[in-house]
Structure formats: C-alpha cells, structure tokens
Amino acid sequence: MFRRYLLPFLASVTLIALVSISASAQIGQLRGHVTLKQADGTVVPAAGALVDVFRIDMTGKYNIKADKKGEFVFAGMFLAGDYILTASMPGAQPSFRPGVKAGRDIDYPLELIMPGDGKRLTMEEAKALAADKTPATSGGAKESAEDRNKRAEILKKNEEIAASNKKAEESNAVIERTFKAGNAALSAKNYDLAIAQFDEGLAADPEHPGAPALLTNRSMALNSRAVDKYNAGIKATDDAAKTAGMEAAKKDWTDAAQTAAKAVTMLKAMPTPTDPTEAARAKLNLYYALLTRAAATCFFVVKVDQTQVDLGVTAFEEYLAAENQRFASAATQKDKDDSTAKKTKAEHDMAQMLFDANVFDRALLAYQKILEANPDDLDALLRSGQALFNIGAINSDKAKYQEAANYLAKFVEKAPDTDPFKADAKAILDTLKDQANVKPEKLPTPTRRRKP
C-alpha cells in the first residue's frame, strides 16, 4: 500500500529584509503633563504615570514615567513624525491624545480618571480610539456616558482581538512543535508517540490551517500501527491474543480512514491562496491527503467493512485524478516517471481492493483496464483469470470458465518459474480441464490506450 510522508505545511516562513534608511531629519522635544481626576472630583498630578508615545506614520514606540509633578519630556523626536500619546496608571482609566507633533513647544495634557482598571493601551487600541474620535481623547474634555460606553466597547473589542491573537500564537507554537515531533516519531516507526503528538496538536486548535497536515500524518501512523497489530495477531498462538490483535487493527484502520477523509474535506473547503507559491503548496497538501486517504480507505474496505467498497473506489478515483494533474504539470522526466509509477500502483491497489472485497465483476473491469495499457501485466492476467473463474463458479457459466482459462494460460506462459502464483494458476487450469472440459484459447490482442 502507499506510504509517503506529507511535505511540511507549517514551515512557510516569510523573511523580511530590514532596509537601512539614511536621511537627515530635524529632531525636537515632545513634552506634556498628566493629571489624575480622583473619585471625589479633585485633580492632582499623576506622579509616576506611565506615558507611551506611538509613532503612527511609521513603526515606533517610546515610553517614560511622569515625574512627581506629572510632567514628562521625550527628547530626540523627529519633527516630521505623527504621534499618539497615551497615559496609564493603576486604578485609573487610560487616556490618550492623537495628532501630536514634536518640536512645537506645546505642553500636551493627558487626564486619567478614577476609578479604572489601570489598563495600558496598545498602539492598535490607541489608533482605533483615535480613528473613532472619542471626545475623551482630548485628555481633558468631559466624557459623556455614551462616549464612555463607546470607548469601553472599543477597548473590549481590542482586548478580544488581542486575546484571540495570543491564542493563535500559542496554538501555532503547539501545532508546529507537535507536527515536527510527530513526524520524527513516524519516521522512527514509533507510531504510538506519533499519534499522541498529532493528537496534542489537533487538540490545540482543530480548525487551524495546519490541522489537515496533522490529520494526514496521523492517518499514516494509524495505518502503520494497524498493520503491526494485525501481523502480531496473525502470529499469535493464543486465540484471545489473536482476536485482540485483529480488533485493535480494525479500530485503527477505521480511525485512519475517517482521519484522512477529514483532512481531505478540510483542505477542499479552504479558499485557494492568491499567492502562487502558497497555492502550489495547498495543491500539494491536498494531493498527499488524497493519496493517504486512498491507502487508508483501501485497508478499511478490505479488512473492516467490505460493504463500503464504493467509498474506496471514490477515494482512489479522486487520488488518480490528482495524480493525472501532477503528471501533466511535471517539469522533468523523472517527475513524470514517478507519477506514472504511483498511478500504476494505485490502479493495481484499487483492483486488488475490489477483488479482496469479493466484487469480482468490478475487479475484472479494473484489471482489464490495466491490461489495455499493458497486455503483459502479470498481476492483471492472474487476477482477471481468478475473477472470471469465481464468476463462472458463482453463476455456473462455462463461458466465464473459458475466459478464465485464457487469461490464466497467458499468465503461466509469461510468468517466471519463481512466481509464487504460477503453481496456483496451473492448478486452476487443471481443474477447468478435468471438471469443465475447458482448454485455454489464445487471447485477442487488446487495443492499447494512449498514456495520459
């Protein structure tokens, strides 16, 4: 079955080059004072108030504490800069003043009002309040109840945005860490650890843009662990251990199929990035998710629920369509050859899935499609003969027996003596001859299909 690691989805880092700008510019002072309106209405100097100045025409931030008189001075400020002043201190509402310039010999006033939560405004919050032109920004005008409520609403929204951004940063860190750790464990075949790491990442943010990558690799880990459990169950001499191993494998295969399907669904729902590089990355991630889903669903159909064969066929067909697109856009012959090999394997795996699910008529069609491209494909010759033999036995159809003998005879003719299935094919031919009086006839030469 397929086993391929997903290309990193989360490792997209934009490097920003810092450009040094040299210019001769005039500088000057920016000064002011902060007062504190106490709960009883008296106004006193806001000694020790924290004063921040944000430059908004380009990135810049400076801070200082007001002295005992509530006064402050920023030296060396660019005269051409556009600034917002903010002030804060414990127990008071913050204050701000937009439209501030340096070197104007203006004493800018800021008034803090008690009671308050002591909040220190961020640049984004100050800019939002300045854009809203709330009267309180003048630093001394009387604030109406409506204005106060409006300002509180803006602050609340900005706090929510800040909290959301902080949560996103935290989940980004968790997802990136668990993605790398999970992949390392997957490469080391420590499937329990890999699954645990991917689960931790998904728990941090199930809707994160990187979640499909975690889901895809989690499906691969589950698939591999299921194979190990299944093989251990087969080898077990104790019936209870054998049954336990088989059931554990089935559980993992079911989970793997559902996990991969979720990854595909999420990736399909994501909008196509406008950036060509990111669009190519998104397309590649969907390709690997489709590949992983086809493998996982194949195991699920064959080993867990053979009634879900249509689910398996859909998974393979969507992956094969993506593989055709990959072939068409391949830049080198090596890439084209790799794509062709993967497509051939997928076609064989889908046909084998149908055969193992005892859907012999559909398996026959799938194998005959393979023979159209390669009339000497040994696996397709053998399975076509076996499928026709089973169809003939089910329907007591001698004509199907004849077709089975024709395919099996060609397989025996082409297969090397080391082929483990050659003896089985000969045995079926002997049975057909002895019990149904059927002898092989030469197969007609099929018309070759053009390669995509």
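Bear in mind these aren't lab numbers, they're just calculated from the coordinates by the rules spelled out. Every value quoted in this text rests on a predicted model; they were computed, and no experiment measured them. Glycine also receives a Cβ, built like all others from the backbone with ideal geometry; neighbour counts cover every protein chain displayed.
DSSP finds beta bridges in the chain, and of those with both partners inside it, around 80 percent are antiparallel.
If you restrict to DSSP beta bridges whose two residues both lie in segment 27-143, what percentage is antiparallel, to the nearest 5?
80
Applying 1/(1 + (r/R0)^6) with R0 = 60 Å to the Cβ-Cβ distance of Ala328 and Lys156, what FRET efficiency is obtained, to the nearest 0.05? Rounded to the nearest 0.05, the efficiency is 0.70.
Simple rule: put +1 on each Lys or Arg Cβ and -1 on each Asp or Glu Cβ in segment 277-333, find the dipole, and look at Leu284, Gln325, Ala294; the Cα lying farthest toward the positive end is Leu284. At full extension, Asp192 and Phe421 could sit 78.8 nm farther apart than now, given 0.36 nm per residue minus the alpha carbon distance.
For a protection proxy built on the mean count of beta-carbon atoms within 10 angstrom, sort 349-358, 389-398 highest first, please. Display every interim value, and only then the final one.
On the way: 349-358: 20.8, 389-398: 15.5.
Answer by packing, highest mean first, reads 349-358, 389-398.
Scoring 54-60, 331-337, 287-293 by mean Cβ neighbours within 10 Å over their residues and listing the highest first yields 287-293, 54-60, 331-337.
In this Cβ point-charge picture (+1 for Lys and Arg, -1 for Asp and Glu), the chain has a dipole of about 680 debye about its Cα centre.
Other residues whose C-beta falls under 12 angstrom from the C-beta of Leu354 contribute a net charge of -2, scoring Lys and Arg +1 and Asp and Glu -1. Helix 309-329 and the long axis of the chain differ in direction by around 70°, with both axes built from C-alpha atoms. Along the axis of the charge dipole computed for the chain (Cβ charges of +1 for Lys and Arg, -1 for Asp and Glu, origin at the Cα centre), the listed residues Ala181, Ala315, Ala66 are led at the positive end by Ala66. Could you work out how far helix 422-436 tilts from the main Cα principal axis of the chain, as a 0 to 90 degree angle to the nearest 10? Tilt relative to the chain: about 50 degrees. If the chain linking Met114 and Gln308 were pulled fully straight, counting 0.36 nm for each residue of separation and taking away their Cα-Cα distance, it would gain 63.0 nm.
Taking amide H as placed 1.01 Å from N in the peptide plane, the amide H of Gly60 sits under 5 Å from that of Arg55, each at least 5 places away or on another chain.
Note the angle between two axes, namely the Cα long axis of helix 211-235 and the longest principal axis of the Cα atoms of the chain, as a number of degrees from 0 to 90, rounded to the nearest 10. In the chain, helix 211-235 runs at an angle near 40 degrees to the longest axis. Taking Cβ atoms as reference points and 12 Å as the exclusive limit, the residues near Val44 contribute a net charge of +1, counting Lys and Arg as +1 and Asp and Glu as -1. Potential lengthening of the chain between Ala269 and Asp430 amounts to 52.4 nm, from the contour at 0.36 nm per residue minus the alpha-carbon distance. Only lysine pairs 8 or more places apart, or on different chains, with alpha-carbon atoms under 23 angstrom apart are counted in segment 27-143, and they number 24. Summing Lys and Arg as +1 and Asp and Glu as -1 over all other residues whose Cβ lies under 15 Å from the Cβ of Ala80 gives a net charge of +1. Taking 7 Å steps out from each Cα toward its Cβ at Ala80 and Ala399 produces label points 9.0 nm apart. For Lys242, no aspartates and glutamates have a Cα closer than 12 Å to its Cα, not counting residues fewer than 8 places off in the same chain.
What FRET efficiency comes out for Asp239 versus Glu124 if R0 is 51 angstrom and r is the Cβ-Cβ distance? Round to the nearest 0.05.
Efficiency at R0 = 51 Å is approximately 0.15.
The distance between label points at Asp105 and Lys167 comes to 5.3 nm (points 7 Å beyond Cα on the Cα→Cβ vector).
The order of the peptides 37-45, 122-130 by mean Cβ neighbours within 10 Å, most packed first, is 122-130, 37-45.
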